[in-house]
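Here's the structure, in structure tokens; my notes come after.
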Amino acid sequence: MTKRYFITGTDTDVGKTLVICALIYAFQKQNKNIIAIKPIAAGCERIDGQLKNSDALEIIQALDASHSQKNHPYELINPISLQSAVAPHIAATEDVISLSVKSLQRSCNLPQFNQDYILVEGAGGWLVPLNETETMADFVVAESLDVILVVGMKLGCINHALLTIENIESRGLKLSGWVANCVDEEMMVLDDNIQTLCERIDSPLLGIIPFLIEGDNSDEKKRATLASTYVNIAPLI
């Protein structure tokens, strides 16, 4: 039976892509058949005549690293590419694209994948809008995906994490686990913050990823590979 996980974050720029790539490498190390996609990506650049997003390219790089199928088609991994680096519903309006839960379901077509594990990376935070009435969270409900929360460890993260989890659970969704990603190298009382979150979150802590300096594309692969050594996927298998 296929297990499907939606990776969301407490905010934008908290390391969702780093975590999803780390999970890809971790699953691959255990010879698990896995696919990962990023349905919507904003802030894309035109490369070889096609709008492409750096996060989606990192996912493809991770999938291709030790996957039986190489050269995953870009549009398979990121079906909706938006130009402006703003909230998806705003970028979609600028690009004259209509976003909705149903259009997102059609674009992703999750039933097409026969892998044992499917990872889906969100855009921005949990309640990022798709249009005037729907959010990314509504898509997760429609697809009945379990959720993995990336907590960007910085000042205010406890409140952000608990509010996000409250909304996830209020929708009848399962929080399968969370990852503490250290995005602030100088965060004070980091251990105390993580301990507080552990005491208040019922779902398992899948890992604590230390602060890792960002670099060029080749370094991103090294960062994700290193990050994979800090995550425990046992609760997800």
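FYI, it's all coordinate maths here, none of it is from the lab. In this text, all values refer to a predicted model and were calculated from it rather than measured experimentally. We place every Cβ from the backbone using ideal geometry, glycine too, and count neighbours over all the protein chains shown.
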Partners for LYS70 among aspartates and glutamates (Cα-Cα distance below 17 Å; same-chain residues under 8 apart left out): GLU58
Long-range amide H partners of TRP126 with built H, under 5 Å: GLY9
For the chain, share of DSSP beta bridges that run antiparallel, in % to the nearest 5: 15 percent
Linear extension gain, LYS32 paired with GLU75, 0.36 nm per residue minus alpha-carbon span: 13.2 nm
Segment ALA234-VAL86, extension gain: residue separation times 0.36 nm, minus the distance between their alpha carbons: 49.7 nm
Full-stretch length increase - ASN159, LEU110 - with 0.36 nm per residue and alpha-carbon distance subtracted: 14.4 nm
Peptides ranked, highest mean first, by Cβ atoms within 10 Å: ranges 148-158, 169-179: 148-158, 169-179
Options (i) 18.4; (ii) 19.6; (iii) 17.9 - which one matches Kirkwood radius over Cα pairs in Å as calculated here: (iii)
Protection proxy ranking of 191-197, 25-31 - average other beta-carbon atoms within 10 Å, highest first: 25-31, 191-197
